[in-house]
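Heads up, the thing below is written out as C-alpha cells.
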Amino acid sequence: MDRIRIRGGHPLKGEIPISGAKNAALKLMAASLLTADPLNLANVPRLADVRAMAELLMSFGVSIQVNMSPGLGEGDLMKLQARQITSVFASYDMVRKMRASFQVLAPLLARQGEAKVSLPGGCAIGARPVELHLSALQAMGAKIDLAEGYVTATAPGGLKGAEIVFPFVSVGATETAMMAASLAKGVTKIVNAAREPEISDLGNCLIAMGAQISGLGSSEITIEGVASLHGADYRVMPDRIEAGTYAIAAAIAGGEVELVGAAPETIASLSSLLVKSGAEVSATARGLKVRMNGSRPHAGDVTTAPYPGFPTDLQAQIMALMVVADGTSVIREKIFENRFMHVPELARMGAQIRIDGDTATVRGVEKLKGAPVMATDLRASVSLVLAGLAAEGETLVSRVYHLDRGFDRLEEKLSRVGADIARVSE
C-alpha cells in the first residue's frame, strides 16, 4: 500500500492549477440519469470518487466516455448518456465506497418512478442521516420503504411539486430535492436551502439541461417541473476546498503561490482568516495569490458553518496551520460531530490540542517534528500533509487512499512548487 512521504522546511513558489470540484462533479454525474440525451462534462477531476461514481452509473446502463486531459489542472472531458436505464438498484457494495452515491436515488426515482438504493457509506466523520432526503421525496408524493439497509422509493404516478421546509441546512438534501423537482409535476419550493456554490453549479447544469429553476445562491429555491430534460455541455466549477487547502499550504510552508483557476469569492471566509494570520492574499486575473513571508502565523479562532461561513471541509487543514501559530486558537466544529480524528495524529508530530466536545483548543508550537501518521478520512489526511510541510524531518502518511478520493494528483502539484513530497510504497 502506498504512503506519502514529506520532508518539511521547503518554502513553496510557483503556480498550482486548481482542478474541478469533487463535490460538484459527483452530483453533475448523477444528474445524467435525468435525461436520455448526452451530458458532456468538462473539467472533471481525476479522483477515486469520480471513478466509483462512474462505475455505479454504468451499472444502471449509463454509457461513459472519458477523454483524459494531458495537463495537470485542465480536467478530463466526460460524456455520459443514460439512453436507457437498465437497472434502478444500487447495491451496498457500490454505495458503501462513498456517501455521494446516495444522490442517484432522486434522479432514478424522478425518471423511472422507482429506485432501490443502499444506505450510504463514505468518510466516518459523523452520522449524517438521510432523513431529510427521504422526507423531501415523501413531500413530493414518493412512497419510501426502509428495510435491510436499503431505501426503496416508488412514485408510479410521478412526483408532484411541493413546499419543502428543511429544519436545518443540508447540502445533500437540497441537491436531492432539486433533481427530483426538475421532473416533478408542478412547482416545488425549497425553504432553508443550502447556499453552497456546488448547489448553484448543479442548478446551473440542470438549467442548461432545460430545468426551470430560480433562487440559486439564496435560501429559497423554486423549481417548476418540466416533462423532460435534454442533454447539455457543462463545465465543472473549480474546487474551492482544493484551492483553500493549497492556500493554507502556502501559509504553513511559507513562500508565494498562485492558485490558477481558483474562484476567490468561494473561499472568502478562509482568505480573511489567512490575512489575519499574517498572509498576503489577493485575487489575480487567473485566480488567487497567497504569500507568506516566512514569519510564524498568528493564531485565530474558527467556527465552521454552512456557506458562506467557514467550510467544515477546511477545518482540519486550518487546524494544521493553527498548530504552528503564535498563540492559542479555538476551533469549533458545528457541522459534523466526529471531525477531530486528525487530532491524535497531529499530536504525534508535537501539536498541543485539547478537545472538549465540539471545540478544539490549539496552543501553537514553534516547530513540529516529522513522524509516521495515519489518515482517518479525506480532509484529515491532507491536514497531515500540510503539517508535514512545516515539520522538521520526515513525515510518512499512510492510508493515502483517502487522499486519492478527493485530491487530484496532490503530490505532483505540491512538488512542482518546491515541496519535497513523493508517493512511496510500503
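A short reminder: the numbers here are calculations on the coordinates, not readings from a lab. In this text the structure is predicted, and so the values were computed from the model without any measurement. Neighbour counts run over all protein chains shown; Cβ positions are idealised from the backbone, glycine included.
Taking a threshold of 24 Å on the Cα-Cα distance, which of the pairs K13/K276; K22/K289; K160/K334; K79/K289; K143/K185; K22/K189 fall above it? Where the Cα-Cα span goes over 24 Å, the pairs concerned are K160/K334; K79/K289; K22/K189. Taken along the Cα-to-beta-carbon direction at a fixed 7 Å, the label points for F89 and A227 span 3.3 nm. Taking amide H as placed 1.01 Å from N in the peptide plane, the amide H of K334 sits under 5 Å from that of T304, each at least 5 places away or on another chain. What the Cα atoms of the chain give is an Rg and a Dmax of 21.4, 64 Å. Taking amide hydrogens as placed 1.01 Å from N in the peptide plane, the amide H of V151 sits under 5 Å from those of V117, S118, L119, each at least 5 positions away in sequence or on another chain. The helix-only estimate of mean residue ellipticity at 222 nm for the chain, built from DSSP H runs of length n ≥ 4 each weighted as -39500 (n - 2.57), is -9000 deg cm²/dmol after division by the residue total. Residues whose amide H falls under 5 Å from that of D301, counting only those 5 or more places apart or on a different chain, are V330, with hydrogens built in the peptide plane.
The distance between label points at E55 and T284 comes to 3.8 nm (points 7 Å beyond Cα on the Cα→Cβ vector).
For the chain, a crude dipole built from +1 on the beta carbon of Lys and Arg and -1 on the beta carbon of Asp and Glu, taken about the Cα centre, is about 200 debye to the nearest 20.
State which helices in the chain qualify, where a helix is a whole DSSP H run, it must extend 18 Å or more along its own axis by its Cα atoms, and its mean Kyte-Doolittle hydropathy must be at least -1.0. Walk me through the numbers before you get to the answer.
On the way: long enough: 240-253 (19 Å, 0.99); 378-390 (20 Å, 1.73).
Taking the DSSP H segments of the chain (at least 18 Å long, mean hydropathy at least -1.0), we get 240-253, 378-390.
Each of V187 and A36 was given a label point 7 Å from its Cα along the Cα-to-Cβ line. The distance between the two points is 3.1 nm.
When only C-alpha pairs under 8 Å and at least 6 residues apart count, what is the relative contact order of the chain, in percent?
Values: 1079 pairs, mean separation 89.9, N = 426.
Relative contact order, the chain: 21 percent.
By other beta-carbon atoms within 10 Å, ranking E163, E15, E196 with the fewest at the front produces E163, E15, E196.
List the trypsin sites (Lys or Arg not before Pro) within region 337-392 that fall in a DSSP loop (any state other than H, G, I, E or B) and whose Cβ has at most 15 other Cβ atoms within 10 Å.
Details: sites: R339, R348, R354, R363, K367, K369, R379; in loops: R339, K367.
For trypsin sites (Lys or Arg not before Pro) across region 337-392 that sit outside H, G, I, E and B with at most 15 neighbouring Cβ atoms in 10 Å, the list reads K367.
Straight-line cross-link partners of K97 among the aspartates and glutamates, defined as a Cα under 15 Å from its Cα and at least 8 positions apart when in the same chain: D49, E55, D377, D404.
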